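Encoded as structure tokens, the structure appears first; notes follow it.
The values are calculated or read from the model by the stated rules, or taken from the named source; none is laboratory data. What you see is a predicted model, and the numbers here were worked out from it, not measured in a lab. Here the Cβ is made from the backbone with ideal geometry for all residues, glycine too, and neighbour counts use every protein chain on show.
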């Protein structure tokens, strides 16, 4: 448990030595103990740079952890980047913390730490706790204040119901730089946070998505990493503006009734000279043993989860985004790589844990503590794991020996579903087991169904070209896939551009090909996804029991040869049940009979073959004939017309 004893600021040790840096501290003994124990979860309030007043003098207080340094100085434009003019003071307690107050220094100053490290190695580092950085390719930190007058109190008061597991979760995944650019083909051309807000918020609202997920916005040096190799764990990227501009964007999403999820990467970091790697000349933030500390897939370095200071750093970062930026969820990247010591490593490249297994016990403990802390302090948010193995209990509570996440990406569903839809429709009859397999293990976790950026890059082709057939069939197949996704139990995630069937793989250097929307095939796809989002939100049967076996029932799996699949989605009120019928072949099936219990009257509320979606529009069910087969047991036979490669939903 954290040590909560405190010592008032005014009683802190202070010595005016006449030097440029006053020997002053806002860190208490309890802060240091908790920091070292891995139980300090708000380090951002004490570390980094902070504008404070000491003895009636305003200035900036700095605190940085560099345990193997022999000296640490602050340098910047304010002193022409001289190395030793503003030397910080080492704490007396051998904690490795260097700190001090520079009177007269203001906000908006660029700075770095000049560190004399192990073996006399000298380096200039950005501040790990900086709230604002220079716009890349510049690499200095900026003294800043995060004050902002939030206007989202109405959302914050009710967001618990929006972020609950029995609420609809339709997530629009966005890469802010390439969603839309001032110059579509110039990778150096960025909209500001304000311009993005003006365009993106109304678009997401119109489409009916409940949440937006932003690919990493924490400051990062290289655009080609898409943000997944970051250096600023406490700063939104300056590519688009200031931290306050980012807060205003979150505010606007909340005003529109849309939750905000951020991608967060506690698994690894890059080797950029101004970042965390070899921070004080030694392996400070990363494991020293490269069998654990180096990531072969991404040429990056793995956090040392055994070190209390690193654990405090990471959990503080997670809390920071909830506390200071009002976000509604963190999607935690690359969890599989954290859990497994042998992840992407062959024999001899890894060492078993103390029990002879392949689990990284320190990373597991960190993940559990992180989730427990988040849900304790912010019970109305979610954490979501990108985890691709069969690790048990990822989204189960830690008191049930789970990892404690709220949800987990359902990678198996994604792979099986895309494999099925790539089949020639006439051969799908031989692959029905692969299609239905997801429900065999669905209740093991709280799953989110992802069709993410990873599925439309690196030669995997855009979604539309994963589909078989001629042009009309490709679009019909994709509408059918999305209809299945939005009526399958679980949360949904769709990457930007997928909603209007972009015809190229995603390229972070350009913008989405919005001109495609002049074609009915693409605008119709967009309208179909919009209507599916609203269908999902408006039908309680599609979300109220989405993580419970009470919410789903197979109705007809016996027509393999025809590849017609029927299932029922159930909410808390039986009268609100819906039936979903999927015709996986190009053959129109008229007067198709379905036997179902419960209701004697049904109405078609969605048809993926609607002409407004670029379907044929000639196979639909304005009036549905229902025959009573067993009045006592309420068994009825429903007579329907099924469109080619179509999905219909009945209520």
- [ ] State which residue is farthest from the chain's Cα centre (by Cα) when the search covers only the range 537-554 and only residues that are in a helix (DSSP H, G or I) and closer than 20 Å to residue 445 by Cβ.
- [x] 550
Task: Any chance residue 175 is modelled with pLDDT of 95 or more and closer than 16 Å to residue 325 by Cβ - done: no
Task: The listed residue being in contact with a helix residue (DSSP H, G or I) (Cβ under 7 Å, 6 or more places away or on another chain), crowded, with 16+ Cβ neighbours inside 10 Å and assigned by TED's automatic domain parsing to the domain that holds residue 408, out of 475, 500, 442 - done: 475
- [ ] Being in a strand (DSSP E or B) and over 16 Å from residue 131 (Cα atoms) is the filter here, so list the residues in the range 43-73 that pass it.
- [x] 53, 54, 57, 58, 59, 65, 71, 72, 73
Open item on the list: Quick check on residue 26: is it in the same structural domain as residue 88 (by TED's automatic domain parsing), in contact with a helix residue (DSSP H, G or I) (Cβ under 7 Å, 6 or more places away or on another chain) and modelled with pLDDT of 50 or more?
Closed with: yes
- [ ] Pull up the range 532-541, narrow it to residues that are farther than 16 Å from residue 602 by Cβ and in contact with a helix residue (DSSP H, G or I) (Cβ under 8 Å, 6 or more places away or on another chain), then point me to the one that is surrounded by the most Cβ atoms within 10 Å (Cβ to Cβ).
- [x] 532
Open item on the list: Anything in the range 285-322 that is assigned to a loop (DSSP other than H, G, I, E, B) and either touching a helix residue (DSSP H, G or I) at 6+ places or on another chain (Cβ under 8 Å) or within 20 Å of residue 377 (Cβ to Cβ) (or both)? List them, or say none.
Closed with: 285, 287, 297, 304, 305, 306
Task: Criterion: buried (at least 21 other Cβ atoms within 10 Å of the Cβ) and out of contact with any helix residue (DSSP H, G or I) (no Cβ under 8 Å at 6 or more places or on another chain) - qualifying residue of 624, 648, 565, 555 - done: 648
Open item on the list: I want to confirm something. Restricting to the range 64-102 and keeping residues that are without any contact (Cβ under 8 Å) to a residue 40 or more places away in the chain and over 19 Å from residue 30 (Cα atoms), which single residue is surrounded by the fewest Cβ atoms within 10 Å (Cβ to Cβ)?
Closed with: 80
TODO: State the number of residues belonging to the range 233-246 that are in contact with a helix residue (DSSP H, G or I) (Cβ under 6 Å, 6 or more places away or on another chain) and not in a loop (DSSP other than H, G, I, E, B).
DONE: 5
Task: Single condition residue 211 does not satisfy, out of (1) under 30 Å from residue 272 (Cα atoms); (2) touching a residue at least 60 places away in the same chain (Cβ under 8 Å); (3) within 20 Å of the chain's Cα centre (by Cα) - done: (1)
Open item on the list: Going by what's in this entry, would residue 375 be described as surrounded by fewer than 20 Cβ atoms within 10 Å (Cβ to Cβ), outside any loop (DSSP other than H, G, I, E, B) and in the same structural domain as residue 211 (by TED's automatic domain parsing)?
Closed with: yes
Task: Evaluation of residue 384 against (1) under 30 Å from residue 155 (Cα atoms); (2) part of a loop (DSSP other than H, G, I, E, B) (one fails), failing number - done: (2)
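To keep it simple, each residue is scored yes or no on (1) more than 24 Å from residue 406 (Cα to Cα); (2) buried (at least 20 other Cβ atoms within 10 Å of the Cβ); (3) touching a helix residue (DSSP H, G or I) at 6+ places or on another chain (Cβ under 6 Å); (4) touching a residue at least 12 places away in the same chain (Cβ under 8 Å).
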| position | (1), (2), (3), (4) |
| --- | --- |
| 324 | no, no, no, yes |
| 327 | no, yes, yes, yes |
| 335 | no, yes, no, yes |
| 340 | no, no, no, yes |
| 346 | yes, no, no, no |
| 356 | yes, no, no, no |
TODO: Considering (1) out of contact with any strand residue (DSSP E or B) (no Cβ under 7 Å at 6 or more places or on another chain); (2) at pLDDT 95 or above, say which one residue 441 fails and leave the rest.
DONE: (2)
Open item on the list: So if I check each of 583, 609, which one is surrounded by 20 or more Cβ atoms within 10 Å (Cβ to Cβ), farther than 30 Å from residue 408 by Cα, within 40 Å of the chain's Cα centre (by Cα) and modelled with pLDDT of 95 or more?
Closed with: 609
